[in-house]
Amino acid sequence: MQVWQQKRSWMAWLGLVLLSVSGCATTKPATATPQAEVQGDEPRAFLWSVEHPDGDRPPLYLLGSVHMMREDMALPASLERAIADTRVLAVEVDTTQVDPRALQRFIELRGVRTGGAPSSEVMPPELRDRFREALQASGMPWEAAQALRPWVLSLVVSVHMLQQAGFVEQHGVETQLLSRLRDSHRVVELESMEMQLDSLSSAPDEAHQY
């Protein structure tokens, strides 16, 4: 029973990791005047204005989002102008509505190895020691990692490295937009957390090991 409780605690922790790296935001305006042009030397946003050839429909703003950012990274003025011109926020995943318990169940079903050799034995030898150090730095015991599939372990390491560099999910683009625009915009979810995780977990383990 104690072993299973420890395993469940790690599953819950991994669910939070997956929640930190999922979703990607785009914006959709309701007026016909583009507001995303770069003015002077202001920083450029990873932002496109898509207009109808006839010019009789409102443009769409397509934003390349960053899931995790540092606190000192402000949204560019061009993006702020696009936000002011919109009424709908379309995101891949509305991470504010994801149930952490559902993530935990998904990891238990699709992120745990059900047979074969442990992860360390199927990992390329030249990466094994470095990966072990990276996992231990993240706080995950090496022994616990042996039961997890590579797609989960790669996310754990990636998120930890970003956090060490000062990047956090709370300041990510989509998190900021969802927080700011929840009351003023209609939020549309294009996919779901389950769809994105299904794409990750359906790939062969070899695809996540190199």
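The values are calculated or read from the model by the stated rules, or taken from the named source; none is laboratory data. In this text the structure is predicted, and so the values were computed from the model without any measurement. In this analysis, Cβ positions are derived from the backbone assuming ideal geometry, glycine residues included, and neighbour counts consider all displayed protein chains. Surface accessibility is based on the protein's heavy atoms, side chains included, excluding ligands, DNA and RNA. Shrake-Rupley method; radii C 1.70, N 1.55, O 1.52, S 1.80 Å.
Across segment 100-146, which residue is nearest to the chain's Cα centre (by Cα) among those that are among the β-branched types (Val, Ile, Thr) and open to solvent by less than 80 Å² (accessible area, probe 1.4 Å)? First the steps, then the outcome.
The initial filter retains those residues of segment 100-146 that are among the β-branched types (Val, Ile, Thr), namely 107, 112, 114, 122.
Checking which are open to solvent by less than 80 Å² (accessible area, probe 1.4 Å) leaves us with 107, 112, 122.
Numbers: 107: 16, 112: 20, 122: 26 Å.
Among them, the one singled out is 107.
Of the residues that make up segment 53-64, is at least one modelled with pLDDT under 85, in contact with a Leu (Cβ under 8 Å, 6 or more places away or on another chain) and of a type outside the set (S, T, N, Q)?
Looking for residues that are modelled with pLDDT under 85, in contact with a Leu (Cβ under 8 Å, 6 or more places away or on another chain) and of a type outside the set (S, T, N, Q), one finds at least one in segment 53-64, hence yes.
Taking residue 98, is it of a type in the set (A, V, I, L, M) and closer than 30 Å to residue 58 by Cα? Steps first, answer last, please.
Working: of a type in the set (A, V, I, L, M): yes; closer than 30 Å to residue 58 by Cα: no.
Answer is no for this residue.
Starting from residues that are open to solvent by less than 40 Å² (accessible area, probe 1.4 Å) and part of a loop (DSSP other than H, G, I, E, B), keep the ones in segment 181-195 and report whichever is nearest to residue 106 (Cα to Cα).
192
Does segment 149-159 include one or more residues that are open to solvent by 30 Å² or more (accessible area, probe 1.4 Å), farther than 14 Å from residue 205 by Cβ and part of a helix (DSSP H, G or I)?
Yes.
Identify all residues within segment 160-172 that are closer than 25 Å to residue 81 by Cα and either in contact with a helix residue (DSSP H, G or I) (Cβ under 6 Å, 6 or more places away or on another chain) or open to solvent by less than 10 Å² (accessible area, probe 1.4 Å) (or both); write none if there are none.
169, 172
Return the residues of segment 81-99 that are in a helix (DSSP H, G or I) and exposed (fewer than 14 other Cβ atoms within 10 Å of the Cβ); say none if nothing qualifies. Explain how you work it out, then say what you get.
In the first step, residues of segment 81-99 are kept if they are in a helix (DSSP H, G or I); the result is 81-84, 95-97.
Within segment 81-99, 84, 97 meet the criteria.
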